[in-house]
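The values are calculated or read from the model by the stated rules, or taken from the named source; none is laboratory data. Only a predicted model underlies this, so the values are computations on that prediction, with no experimental measurement involved. All Cβ positions, even for glycine, are placed from backbone atoms using ideal geometry, and neighbour counts span all protein chains on display. Please note that ligands, DNA and RNA were not included when accessible areas were found on the heavy atoms of the full protein model with its side chains. Shrake-Rupley method; radii C 1.70, N 1.55, O 1.52, S 1.80 Å.
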Amino acid sequence: MNIRIQQLGKRFGAFPALDGVSLDIRSGELLALLGPSGSGKTTLLRALAGLEQPEQGRILFDGEDATALSVQARRAGFVFQHYALFRHMDVRANIAFGLEVRRGAQRWPKARIDARVEELLALVQLDGLGGRYPTQLSGGQRQRVALARALAIEPRVLLLDEPFGALDAQVRRDLRGWLRELHDRTGLTTVFVTHDQEEALELADRVAILNRGRIEQVGSPGEIYDRPASPFVYGFVGEANRLPARADGDALDVAGARWSRPAGLPAADALEVYVRPEDMRVGDAGDWVGTVLSVQRSGARARLRARLRGAAVDVDVDVELPPDAPHYAAGQVVALAARRHGVFPVSSAG
């Protein structure tokens, strides 16, 4: 099922949780909603599920207006961060719950419900654990039960609200690959909320970056990381050095270096250049001369911090060093250059 969100708005008092959000979600894709706390990602997910009612805009499911549909009519499978399992029910009963509460012609025969539960136990790799209770399961197993329960109703869309947020780091990493495999097997349109950029970039087909109730950028993980559309995306996804810049005729002065002015650069009194540490390089010739302040090593990775010479104010930059880089010492003078960068007016920084 494809989903179209058109100019969705939702306020909590004076706070705009969603501020004219528009987004197309493709049928069968795994889309991540990524952003800091308060950015609107969970409100958007709950609006898709019917758990929040927007004050403006529309939500279309396969072209049909679903904005006013009930939770049940939307047939959305929802997975909460803290599982929301029934502690007094065993695993089988938890998975079957959405089918058991159906009434009238929509209710399945018991044999069909039992068969569906066994099918889902196998799908989420919990064969033989149907008789256990949630307190007898690990956190990762409880999250798999929650996913199976959401899938039991044969949803048109699967919605996950920080599904791994309550789990420790190693279990989260293990479940990421499992969720991607599960998605590929089911083919369901899936939307998941996370504040973990690594999780979003590893799992999703596309990522929507939210900030202050608005979408900053939508794209593949590669597009989001390699071609950020705004200062906020540069700063939120990955890391970035920020260098002061100003336009000077056909040239750009960047912390003392002279670059050609990019075509289409908007007129602004002050500019900033964003360069990721891995896009900075140390060499015999470069854009700047810098003095090494420190070199830090973390396993196989090493990062150099240097202060640029020639800038009007002190500018320190981080440089991700390649594995075969020579040894650098504090106080050493080095040449530095930017391999890739983004330029933005200071006024647009988020």
- Note on the structure: Checked against the structure, the computed mean projected area of the Cα convex hull in nm² among [x] 27.1; [y] 22.1; [z] 21.1 is the one labelled [y]
- Query: So which helices of the chain fit the span-like rule, where a helix is a whole DSSP H run, its Cα atoms reach 15 Å or more along the axis, and its mean Kyte-Doolittle is at least 0.0?
  - Reply: 110-123
- How far is it, in nm, from the label point at Ala122 to the one at Asp316 when both lie 7 Å from their Cα along the line to the Cβ? 5.9
- Computed [θ] at 222 nm, deg cm²/dmol, the chain (DSSP H ≥ 4; -39,500 (n - 2.57); rounded to nearest 500): -7500 deg cm²/dmol
- Note on the structure: Between Arg212 and Ser37, the two model label points (7 Å from Cα along the beta-carbon direction) sit apart by a distance in nm of 1.9
- For Glu52, which sequence-distant residues (separation of 5 or more, or a different chain) have an amide H within less than 5 Å of its own amide H, given hydrogens modelled in the peptide plane? Ala47
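Provide the convex hull volume over Cα atoms per residue for the stretch 39-195, in Å³.
Taking only Cα atoms, the stretch 39-195 has a hull volume of 125 Å³ per residue.
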- Which of Ser39, Ser230, Ser70 moves the most in a Gaussian network model of the chain with Cα springs under 10 Å? Ser70
- Task: At 1.4 Å probe size, with every protein chain present, just tell me what the per residue accessible area of the chain comes to in Å².
- Result: 47
- Message: How large a share of the accessible area of the chain, in percent, is made up of carbon and sulfur atoms when the probe is 1.4 Å and the other protein chains stay in place?
- Response: 47
- Item | Debye, to nearest 20: dipole size of the chain, +1 on Lys, Arg Cβ, -1 on Asp, Glu Cβ | 1060
- Item | Most fluctuating residue given options His183, His82, His327, as computed from a GNM of the chain linking Cα atoms under 10 Å | His327
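Find how much the distance from Asp248 to Glu154 grows on full extension, using 0.36 nm per residue of separation minus their present alpha carbon separation; answer in nm with one decimal.
Extra length from Asp248 to Glu154 when fully extended: 27.8 nm.
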- With each pseudo-label sitting 7 Å past Cα toward Cβ, what's the Gln136-Arg185 distance in nm, one decimal? 2.3
